[in-house]
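To keep things clear, I will list the structure first and then write my remarks on it.
The values are calculated or read from the model by the stated rules, or taken from the named source; none is laboratory data. Small disclaimer: the values here were computed from a predicted structure and weren't measured. In this analysis, Cβ positions are derived from the backbone assuming ideal geometry, glycine residues included, and neighbour counts consider all displayed protein chains.
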Amino acid sequence: MPKSVIFENRHKSLAPAVVNNLNNMRILALILLLILSPIMLVTCMLVYLSKGNNIIFKQVRVGKDKQLFTIYKFRTMNNNEVTLLGKYIRKLGFDELPQLINIIRNEMNIVGPRPLTSNDIERLDWNNNQFIDRWSVKPGITGMAQLTSICDPNVSMKNDLFYVKNKCWKLDAKILFKSVLVPFLGKRTK
């Protein structure tokens, strides 16, 4: 068998394993944290100058298998209202960057259903066996529901369950690519 065929076949079989490997996801998050650290540092300084000491927002969320964990985000609100600076930080998605720490801690993935609070799950009535599959994967910084401008819990759950059922490295790559474009092109409406 020619070397080119062996080389090509070997890389085809490695792609899904590399993308889905837990340690590689954590290493990727660490690399992204290092690469994005200048953006994070500037964001920290801007939040500090506008809001004072509380740069990081921490909140308990529900993760894989309904395990609780603390999520990290840049603070974008003051007195339950999004600040002017927060509006831009959110639009660019910079508020989510501290969640790379959650990936390194093995609590989240880059792509997956968004982690919710226990109160949100109760409010949406998603705490029943009909939706149990949603919690069979780690939550993500981005996911299918974040790509749509339709703010409807039924659409979100439908997207989350579709993701869980069809999860693969190609779908993750497609969601990640579209997520990078959202700040520039906006969210899809259908």
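Every residue, every condition in (1) surrounded by 14 or more Cβ atoms within 10 Å (Cβ to Cβ); (2) at pLDDT 90 or above, yes or no:
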site: Arg114; (1), (2): yes, yes
site: Arg134; (1), (2): yes, yes
site: Asn166; (1), (2): no, yes
site: Val180; (1), (2): no, no
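Please go through (1) of a type outside the set (Gly, Ala, Ser); (2) surrounded by 13 or more Cβ atoms within 10 Å (Cβ to Cβ); (3) in contact with a helix residue (DSSP H, G or I) (Cβ under 7 Å, 6 or more places away or on another chain) for Arg90 and return the number of the only condition it doesn't satisfy.
(3)
I'm checking my understanding of the structure. Among residues of segment 34-60 that are in a strand (DSSP E or B) and of a type outside the set (Lys, Arg), which one is farthest from Val164 (Cα to Cα)?
By that ranking, first place goes to Ile56.
Can you tell me which of Ile110, Ile103, Ile141 is in contact (Cβ under 8 Å) with a residue 60 or more places away in the chain, crowded, with 21+ Cβ neighbours inside 10 Å and closer than 19 Å to Phe57 by Cβ?
Ile103
Condition first: part of a loop (DSSP other than H, G, I, E, B) and touching a strand residue (DSSP E or B) at 6+ places or on another chain (Cβ under 7 Å). Now tell me which residues in segment 61-86 satisfy that.
Those that are part of a loop (DSSP other than H, G, I, E, B) and touching a strand residue (DSSP E or B) at 6+ places or on another chain (Cβ under 7 Å): Gly63, Arg75, Thr76, Thr83.
Report yes if Ala145 is assigned to a helix (DSSP H, G or I), small (Gly, Ala, Ser), under 14 Å from the mean Cα position of the chain (by Cα) and within 19 Å of Lys73 (Cβ to Cβ), otherwise no.
Against the criterion (assigned to a helix (DSSP H, G or I), small (Gly, Ala, Ser), under 14 Å from the mean Cα position of the chain (by Cα) and within 19 Å of Lys73 (Cβ to Cβ)), Ala145 qualifies.
Determine which single condition Ile150 fails, assuming it passes every other condition in (1) of a type in the set (A, V, I, L, M); (2) surrounded by 15 or more Cβ atoms within 10 Å (Cβ to Cβ); (3) not in a helix (DSSP H, G or I).
All conditions are met except number (2).
Name the residues in segment 58-72 that are under 14 Å from Gly140 (Cβ atoms) and not small (Gly, Ala, Ser), would you?
Within segment 58-72, Arg61, Val62, Lys64, Phe69, Ile71 meet the criteria.
Per-residue answers, yes or no, for (1) of a type in the set (D, E, K, R); (2) more than 19 Å from the chain's Cα centre (by Cα); (3) modelled with pLDDT under 95:
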| residue | (1), (2), (3) |
| --- | --- |
| Val60 | no, no, no |
| Arg90 | yes, no, yes |
| Phe94 | no, no, yes |
| Ile110 | no, no, yes |
| Pro139 | no, no, no |
| Asp152 | yes, no, yes |
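How many residues are under 25 Å from Asn127 (Cβ atoms) and either in contact (Cβ under 8 Å) with a residue 24 or more places away in the chain or aromatic (Phe, Trp, Tyr) (or both) if we restrict to segment 30-66?
9
Would you mind finding the one in Phe69, Phe74 that is touching a residue at least 40 places away in the same chain (Cβ under 8 Å), surrounded by 13 or more Cβ atoms within 10 Å (Cβ to Cβ) and aromatic (Phe, Trp, Tyr)?
Phe69
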